[in-house]
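The values are calculated or read from the model by the stated rules, or taken from the named source; none is laboratory data. On a predicted model such as this, the values are computed, not experimentally measured, just so you know. As a convention, Cβ positions derive from the backbone with ideal geometry for all residues, glycine included, and neighbour counts pool all protein chains shown.
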Amino acid sequence: MGDITRIGVIGAGLMGSGIAEVTAKAGIDVVVVEADATAADAGRTRIEKSLRRGVDKGKLSAEDADAALARLTVTTELDACADRELVIEAVAENEAVKLDVFGRLDSIVRDPDAILASNTSSLPIARLAMATRRPDRVVGLHFFNPVPVQKLVEVIPSLVTADDTTARATAFATDVLGKTVVRAADRAGFVVNALLIPYLLSAIRMLEAGHASAEDIDNGMVLGCAHPMGPLRLADLVGLDTTKAVADSMYEEYKEPLYAAPPLLLRMVDAGHYGRKSGRGFYDYTRGE
Ligand code: NAI
C-alpha cells in the first residue's frame, strides 16, 4: 500500500525534525511547517546536522543526504500542506495548540482521504479527531526519540478512526519507513509511556528525597539492569517540559499518584531547565554533547 508520496510534518522540534528526516530519506516529498522563521531555520539546521552525522558515520552516502535534503521544504505556511496525502502533527504537547492545528489542517488539506496523524504522547486521539470534519481520517502515529534510531512506532486508532486509515498509516510506518509497529488503544500514554513515565517520575522522586545522586541513580539502572541510559539522562533527552506534559495528561486520565509530576520536575520546568534541548536538566549540556 505505497499510496502515500507527499507528506507534511507540523513542528520541526526534536520529533518533527526526526520524522521529516526519516521520511525524506525514504524517498518521500516532505513539507515541514514551523511556527516562525527562527524555529524553521533551527529545524532545517537540525535536520541537516543529523544527515551530516549519518554521512560521517558511514550510514548514508553524501549523495543520499543531498537527495533527502532536496525533498524537504521548510516553511511557516500551513497552506503548503494543501496537496499532502498524510500530515503528521508534532507540535509541542499542548492540547489547545494541537486542536488549533487540526482544525486548520482540516480546512487546508484538499484530499478528503488524506490522513491527519498526531505524534502526541498522551492526548486523546478522539479529541483531536473531533476538531476536524474527517474524524475517520485521524489516527495516532507515535514515534520515538531519536526517530532515525528508534525502530518503534505506536499506531493508535481512536473509536472513530476508519480501518483503512489505520491500515494505510501502519503500511506507511512499516513499508515506507521500515519501522516496527505496535497497536495501542486510545488511552493516555499508549503502551510505552504508560510504563515509562511512572519509572522516570520515580527516579526524580528518588533524587528529590536525597535517596541517591543523579549519577548513582543512572549508573544503577545502566550497570544493574543493562539499560542503555539511566532514567534521569533519559528524562533530559525526552525534554523535562515534555515529560511533565505527558505526566499531567496521564494523571488527568487515570487520577493515580503514580503519574503525578513531583515538585522537583515542576520547578525545573518553571526555571526553563528542559534537559538536553535547553542545555540544562539533571545534567549540564552546555559544554558540548
Ligand atoms: P519540541 O518542543 O522539541 O518541538 C515542538 C515544535 O513545535 C517547536 O519547534 C515549536 O516551534 C513547534 N510549534 C509549536 N506550535 C506550532 C504551530 N502552531 N505550528 C508549527 N509548529 C509549531 O517538542 P518535541 O519533543 O518534538 O515534541 C513534539 C510532540 O511529539 C509532542 O506532542 C510530544 O509529546 C511528542 N513526542 C515527544 C517525544 C520526545 O521524546 N520528546 C517522543 C514521542 C513523541
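Computed values, structure above
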| read-out | value |
| --- | --- |
| Flag if V9 is under 16 Å from the mean Cα position of the chain (by Cα), under 24 Å from L128 (Cβ atoms) and without any contact (Cβ under 8 Å) to a residue 40 or more places away in the chain | no |
| Subset tally (residues that are farther than 30 Å from S50 by Cβ, of a type in the set (A, V, I, L, M, F, W, C) and outside any loop (DSSP other than H, G, I, E, B)) for the range 120-143 | 2 |
| Which listed residue is farther than 24 Å from H142 by Cβ, among the acidic types (D, E) and within 15 Å of the ligand (Cβ to nearest atom), from D66, D41, D56 | D41 |
| Elements of type strands (runs of 3 or more DSSP E) contained in the range 72-119, each with 1 or more residues being surrounded by 23 or more Cβ atoms within 10 Å (Cβ to Cβ) and out of contact with any Leu (no Cβ under 6 Å at 6 or more places or on another chain) | 72-75, 86-89 |
| Flag if L223 is closer than 19 Å to L14 by Cα, out of contact with any helix residue (DSSP H, G or I) (no Cβ under 7 Å at 6 or more places or on another chain) and modelled with pLDDT of 95 or more | no |
| Residues of the range 1-20 satisfying the condition of being farther than 19 Å from V97 by Cβ and either surrounded by 24 or more Cβ atoms within 10 Å (Cβ to Cβ) or within 15 Å of the ligand (Cβ to nearest atom) (or both) | I7, G18 |
| The range 149-168: number of residues that are assigned to a loop (DSSP other than H, G, I, E, B) and closer than 21 Å to T180 by Cβ | 4 |
| Which numbered condition P146 fails, given (1) of a type outside the set (G, A, S); (2) in a loop (DSSP other than H, G, I, E, B); (3) over 12 Å from the mean Cα position of the chain (by Cα) | (3) |
| Residues within the range 244-285 that are part of a loop (DSSP other than H, G, I, E, B) and at pLDDT below 95, tallied | 0 |
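Conditions (1) within 19 Å of the chain's Cα centre (by Cα); (2) within 16 Å of the ligand (Cβ to nearest atom); (3) farther than 27 Å from V22 by Cβ, marked per residue:
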| site | (1), (2), (3) |
| --- | --- |
| T170 | yes, no, no |
| G178 | yes, no, no |
| I197 | yes, yes, no |
| S202 | no, no, yes |
| D236 | yes, yes, no |
| Y274 | yes, yes, no |
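Residues are listed down the side, and each one gets a yes or a no for (1) out of contact with any helix residue (DSSP H, G or I) (no Cβ under 6 Å at 6 or more places or on another chain); (2) at pLDDT below 95; (3) in the same structural domain as L99 (by TED's automatic domain parsing); (4) among the hydroxyl-bearing types (S, T, Y):
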| residue | (1), (2), (3), (4) |
| --- | --- |
| I115 | no, no, yes, no |
| S122 | no, yes, yes, yes |
| A129 | no, no, yes, no |
| P135 | no, no, yes, no |
| V138 | no, no, yes, no |
| V147 | no, no, yes, no |
| L152 | yes, no, yes, no |
| I156 | no, no, yes, no |
| A169 | yes, no, yes, no |
